[in-house]
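Structure, as structure tokens:
Taken together, the values in this text are just the output of simple stated rules run on the coordinates, not laboratory data. Bear in mind that the values here come from a model prediction, so they are computed numbers and not experimental data. Here Cβ is always computed from backbone atoms with ideal geometry, including for glycine, and neighbour counts include all displayed protein chains.
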Amino acid sequence: MPTLSLANLMVTDADPLQQIEAAAAAGFDAVGLCINPPDRLGASLVRDPAQRRSVKARLADLGMRVLDIELFPLLPDFDIASLSPVLEACADLGAEFLLVTGNDTDEQRACDNYGQLCGFAASLGLRPMLEFISYRPLRDIHQAERWLRQVDSAAAGTCVDALHLFRSGGTLDDLRRTPPQHIGYAQLCDAASMLPAQDFSNQELVRESRTNRRLPGEGVFPLAQFLEVLPPGVPISVEAPCERYAQLSVPERASLAMKTTRTVLGDPGPA
């Protein structure tokens, strides 16, 4: 079974220690933390080395790791120097990937900034992954591939979110044609329909993405086929925030996410 990680968007009301403990109890192998920008709940990990040591110790105690850290938007005023403390904190936490979004309509400038980020991150052992999002300037898998070809960095790659793949009009064949080395990890969720992004307002797309997805197996996405097309060994981050379950506790949401994901994977889990 692939590495399974609990995405921060599933439990945005949890601090890093709460998220790690809930993920471990549910049977996840890893977590995705959110420590950027500075207003996020986990951003204190950037400023407080003692807190990072506590988090690292708890990860070690529970046999967990940090799969990815978010969020790093490529904005017109992107400044790599200002990100230095954040990136160093990511490396200190042992993260593998950084989650990067393309929020700049000037593609050349965005690629230049992404190239800078890849170079700095690679020196710290980090890989910045582009996530195409159906309501952002970087919106589909074809654009992401174009950016990766232009930047041409061994540290570069994509995070393929099932929601944004299908909403942006992407197909399993598009995913199959993506060079395996370009796919760092995938985000798993489900949805109520296969309709393309143009059938929704921007507000509806944002709401669905951030708070109203479906848990794996509770919607209509061809998730079994999606998982089959991914390169072998690609880690899976479960990112399926769902309003229906928002009233559940952090551990309950983590447990339910694992249960539904195991069903999609055909793995019954511990007896």
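Quick notes on this one:
- Remark: the stretch 172-188, residue by residue, has Karplus-estimated 3J(HN,Hα) of 5, 5, 4, 5, 5, 7, 6, x, x, 5, 7, 9, x, 7, 10, 10, 10 Hz, where x stands for each Gly or Pro and the curve is 6.51 cos²θ - 1.76 cosθ + 1.60 at θ = phi - 60°.
- Placed amide H near Leu71: partners under 5 Å, 5+ positions off or other chain: Ile35, Asn36
- Label-point separation in nm, His142 to Ser249, each point 7 Å along Cα→Cβ: 4.9 nm
- Each label was represented as a point 7 Å from its Cα along the Cα-to-Cβ direction; for Leu17 and Ala91 these points are 2.7 nm apart.
- Extension gain, Asp39 to Asp152, is 37.5 nm, computed as 0.36 nm per intervening residue step minus the present C-alpha separation.
- Residues listed by number, the stretch 1-41, amide nitrogen under 14 Å from Val234 label point at 7 Å toward C-beta: 2-3
- The stretch 120-172 versus the stretch 91-108: alpha-carbon centroid distance in Å: 9 Å
- 3J(HN,Hα) from dihedral phi, the stretch 235-243, Karplus parametrisation 6.51/-1.76/1.60, rounded to Hz, x for glycine, proline: x, 10, 9, 8, 10, 9, x, 9, 4
- Environment charge at Asp199 (Cβ cut-off 13 Å; Lys +1, Arg +1, Asp -1, Glu -1): -1
- Note that the stretch 44-60 has calculated 3J(HN,Hα) couplings of 4, 5, 6, 8, 10, x, 5, 5, 4, 4, 5, 5, 4, 5, 5, 4, 5 Hz, one per residue in order, obtained from phi through the Karplus relation 6.51 cos²θ - 1.76 cosθ + 1.60 (θ = phi - 60°); glycine and proline are x.
- Fluctuation leader among Pro231, Pro49, Pro128 - the chain, Gaussian network, Cα springs under 10 angstrom: Pro49
- Euclidean distance between Cα centres, the stretch 1-35 to the stretch 174-230, Å: 20 Å
- Amide H contacts under 5 Å for Arg65: Ala30, Val31, restricted to partners 5 or more places along the chain or on a different chain, H placed in the peptide plane at 1.01 Å from N.
- Listed residues Val206, Val55, Cys118: farthest to the positive end of the dipole of the stretch 4-265 (Cβ charges): Val55
- Given the alternatives (i) 168; (ii) 119; (iii) 131, volume of the Cα convex hull per residue in Å³ as computed for this entry is given by (ii).
- Sequence-distant contacts, meaning Cα pairs under 8 Å at least 6 residues apart, place the relative contact order of the stretch 128-245 at 27 percent.
- The Cβ shell under 15 Å around Thr158 holds other residues with a net charge of -3, Lys and Arg each +1, Asp and Glu each -1.
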